[in-house]
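These notes are about the structure you will find just below.
Nothing in this text is a laboratory measurement; each read-out follows from the coordinates by a stated rule. Note that the structure is predicted; figures quoted are calculated from it, not measured. Glycine also receives a Cβ, built like all others from the backbone with ideal geometry; neighbour counts cover every protein chain displayed.
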Amino acid sequence: MRARVLGSASEGGFPRWNCRCVGCFAAREGRAWPRNETCVAIAAGDTAERWLLLGAPAAVAKVAASDPTLAPVPGVRASGVGAVALANGGPGQTVGLLALGNHEPLTVLSTDAVRRSFLEGNVLARSLAHGRGRVEWVPLRLDERCLLFDGLTIEAVAVPGARAPHARELPATSNEDNVAFVIEDARGKALVFAPAVGGPSASVDRLVDRADVLLFDGTHWSTDQRGAAPLREHDSSGHWPLGGAEGSLLRLAQARGRRILVHVDDTNPILLENSAERVELQRFGVEVAWDQMEITL
Ligand SMILES: [Zn+2]
């Protein structure tokens, strides 16, 4: 299996257009690597031509268009994107569907709760029914493997997390609102994609132990993101901070496979390569994803 990171930041990217934090300043001045919103492309192997996109952030079509590995295959089909999987109904996972689905048929995989949180009351989502393509929404049931293509399977696993802000007015929350994905290839290699994990749980423990490669929620270092962003208030709900005695870093350090952080907020000091927090990550053997990063399993 092969994974290509198209984006590794949280919503808004890095630098964020309206932010004056230390990290965003550094990114604008070329002292930190800029990042798109989190999106990861998965293929069965080096020669496979079909890709599964994990997440559809706002700029996904533009990012995919500029990435040579995802270029359309002449004479075969319009695009190398075989399917898109959504871990939750948040804007960072869903908004890009409007751009992708208006140009060719699209297969979207999600739990029923995530599908409803995106479609219900969403006037813009109606444009998907009027575009050139047809959107086929494939429901994922928790803890059940779904066969994709080229021998790849995907499985949704419920993890703690917050509901998408616009979905909080919908009735009845469920444990399908926020999931992690396990992608397995024909050889049984497992990549886990968990961009939003609100805290520890038995399901998170199983995912950490199961992953050959773990792409995990690196949104915040701490609930107050010390030293990074005095100018903006944080909404840290829904994301387990990395640092401190109760932080996720101590759990990730025990993982069996490679562990790599995605969905990193612009205010997180780990985006600065010489920060103390970045050094601490290295001490625990935890990596930070970067755009165009290639991962082979
Ligand atoms: Zn910032």
Hey, can you grab everything whose amide H is under 5 Å from the amide H of VAL81? Only 5+ residues off in sequence or another chain; H modelled, so Pro and N-termini drop out.
TRP51
Average the reciprocal distances over every distinct pair of alpha-carbons in the chain, invert the result, and give the Kirkwood radius in Å.
19.1
DSSP bridge orientation in region 2-296 - percent antiparallel, rounded to nearest 5:
50
Could you tell me which GluC sites (Glu not before Pro) in region 125-193 are loop residues by DSSP with no more than 13 other beta carbons within 10 angstrom of their beta carbon?
GLU144, GLU169
For region 43-53, Karplus-derived ³J(HN,Hα) couplings (6.51, -1.76, 1.60; θ = phi - 60°; whole Hz; x for glycine and proline) come out as 10, 5, x, 5, 9, 5, 10, 9, 10, 9, 9
Answer with one residue from ASN18, ALA59, THR94: the one whose Cα lies farthest towards the positive end of the charge dipole of region 15-121, charges on Cβ with Lys, Arg +1 and Asp, Glu -1.
ASN18
Based only on the alpha carbon positions, what is the Kirkwood hydrodynamic radius of region 120-180, in angstrom?
14.2
Residue-wise HN-Hα coupling along region 244-256, computed from phi with Karplus coefficients 6.51, -1.76, 1.60 (Hz; x: Gly, Pro):
x, 5, 9, x, 6, 4, 5, 6, 4, 4, 8, 5, 6
Treat the count of other C-beta atoms within 10 Å as a stand-in for reagent exposure and order ASP265, ASP112, ASP150 from fewest to most.
ASP112, ASP150, ASP265
In whole angstrom, the spacing between the Cα centers of region 164-216 and region 104-128 equals 20
Charge dipole of the chain built from unit charges on the beta carbon (Lys, Arg +1; Asp, Glu -1), centred at mean Cα; most positive-end Cα among THR38, THR267, ALA196 is THR38
Neighbour-limited loop hits for trypsin sites (Lys or Arg not before Pro), region 48-142 (at most 13 other Cβ within 10 Å; DSSP other than H, G, I, E, B):
ARG132, ARG134, ARG141
